[in-house]
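Colleague: Supplied in structure tokens, the structure appears directly below.
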Ligand SMILES: C[S@@+](CC[C@H](N)C(=O)[O-])C[C@H]1O[C@@H](n2cnc3c(N)ncnc32)[C@H](O)[C@@H]1O
């Protein structure tokens, strides 16, 4: 459903998140992702009608620009998908744009370049990854292997058609959570939080988190009025200790990196003992 490919994307949790949304009382449930990336699960929940509004946020201006371009300039985006040459020349053009160091603001070209690289680079990594099929295009798969233009255009068109149901921001995830307390209907909003790993294995995407921020995030989640949240992380001692009083379960995730490395992840939710939401198994 999402136009993005994302390493470690969480679309596979959509059934579980649907159940969690179902436990929240009231109509018109909202769903928020402070570290949205490809927002794989979010898009499924909106399309199926389980969430009536999405709040998507990503600190990376490349990811943000891609989403904003799809939402606000969807016809232009679809036109580009349908007419772009999926070849090494375009790949080089896109790489130059996303690797500029002074990227700060929304820009359509930046958004399209980020999307293009996501669809044509190994493992969907937006920056510093090679093209599918290699620089000489001698691999079994070629650069256009994951660029099915009609299907992608359809997804973007749909996203444009539901833009009134999606609020997009480009903030730090912690700022987003603080502001959410006043900005969203907290009692009927499910927050799904999928931050960068504590121990980042490689630069899969922007990692604007350090230990202090991981600790600050745990404070917001455990000591604020955010009632309904689900968190996923790498299985790291810092996380086990910060969330020791919450409900932690194992979650295996296979990253589609070249070596198919299997990362151990955990899923954390408020424990019943802490007065949090009901635990699902
Ligand atoms: C693990 S990915 C999220 C993947 C997403 N759940 C999916 O299914 O596609 C983490 C995302 O957080 C973003 N990010 C990194 N540091 C951030 C920060 N401090 N605040 C907000 N977003 C951040 C990255 O740009 C990346 O897109």
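Taken together, the values in this text are just the output of simple stated rules run on the coordinates, not laboratory data. Note that the structure is a prediction, hence the values are computed from the model and not measured. With ideal geometry, Cβ positions are generated from the backbone for all residues, glycine too; neighbour counts draw on all protein chains shown.
Colleague: Give me the distance in nm between label points sitting 7 Å out from Cα along the Cα-to-Cβ direction at residue 76 and residue 104, one decimal.
Modeller: 2.1
Colleague: Among 90, 232, rank each residue by its count of other Cβ atoms within 10 Å, from fewest to most, as a rough exposure measure. Walk me through the numbers on the way to the answer.
Modeller: Values: 90 16, 232 20.
Going from sparsest to densest Cβ surroundings: 90, 232.
Colleague: Fewest to most neighbouring Cβ within 10 Å: what's the order for 127, 4?
Modeller: Numbers: 127 18, 4 24.
Sorted ascending by nearby Cβ count, the order is 127, 4.
Colleague: Follow-up. Which of 70, 209, 88 comes first, and how do the rest follow, when ranked by fewest Cβ neighbours within 10 Å? Let's see the in-between values first.
Modeller: Working: 70 27, 209 20, 88 16.
So the residues, fewest neighbours to most, are 88, 209, 70.
Colleague: What is the extension gain from residue 145 to residue 199, computed as 0.36 nm multiplied by their sequence separation minus the C-alpha to C-alpha distance, in nm to one decimal? Present the calculation step by step, with values, prior to reporting the outcome.
Modeller: On the way: separation 54, 0.36 × 54 = 19.44 nm, distance 3.10 nm.
Between residue 145 and residue 199, full extension yields an extra 16.3 nm.
Colleague: By how many degrees, 0 to 90 and rounded to 10, does the Cα axis of helix 149-161 deviate from the longest principal axis of the chain?
Modeller: The angle comes out near 50 degrees.
Colleague: While we're looking at this one, here's another question. What do you get for the angle between helix 108-120 and the principal long axis of the chain? Use alpha-carbon atoms, 0 to 90 degrees, nearest ten.
Modeller: 90
Colleague: Using the alpha carbon gyration tensor of segment 60-170, what are the three equivalent-ellipsoid semi-axes (square root of 5 times each eigenvalue), largest first, in whole Å?
Modeller: Working: eigenvalues 109, 57, 22 Å².
Listed largest to smallest, the semi-axes of segment 60-170 are 23, 17, 11 Å.
Colleague: Now for a different question. What FRET efficiency, computed as 1/(1 + (r/R0)^6) with R0 = 30 Å and r the Cβ-Cβ distance, is obtained for residue 167 and residue 236, rounded to the nearest 0.05? Spell out each step's value before the answer.
Modeller: Details: r = 31 Å, r/R0 = 1.04.
Once rounded, the FRET efficiency stands at 0.45.
Colleague: Which percent, nearest 5, of DSSP beta bridges in the chain are antiparallel?
Modeller: Around 45 percent of the beta bridges assigned by DSSP in the chain are antiparallel ones.
Colleague: Helix 88-98: angle to the longest alpha-carbon principal axis of the chain, degrees 0 to 90, nearest 10?
Modeller: The answer is roughly 40 degrees.
Colleague: Using only C-alpha atoms and all pairs of different ones, pull out the Kirkwood radius for segment 1-106 in Å with one decimal.
Modeller: Numbers: mean 1/r = 0.0641 Å⁻¹.
Hydrodynamic radius (Kirkwood, Cα pairs) of segment 1-106 is 15.6 Å.
Colleague: Something else now. Using a basic spin-label model with each label point 7 Å from the Cα along Cα→Cβ, how many nm lie between residue 207 and residue 48?
Modeller: If labels sit at residue 207 and residue 48, their model points lie 3.1 nm apart.
Colleague: Moving on. Could you tell me how far the Cα centroid of segment 158-224 sits from the Cα centroid of segment 1-80, in Å?
Modeller: 12
Colleague: Sticking with this one: Which whole number in µm²/s is D for the chain by Stokes-Einstein, with the Kirkwood Rh taken over Cα pairs at 37 °C and 0.692 mPa s?
Modeller: Working: Rh = 19.4 Å.
The diffusion coefficient I find is 169 µm²/s.
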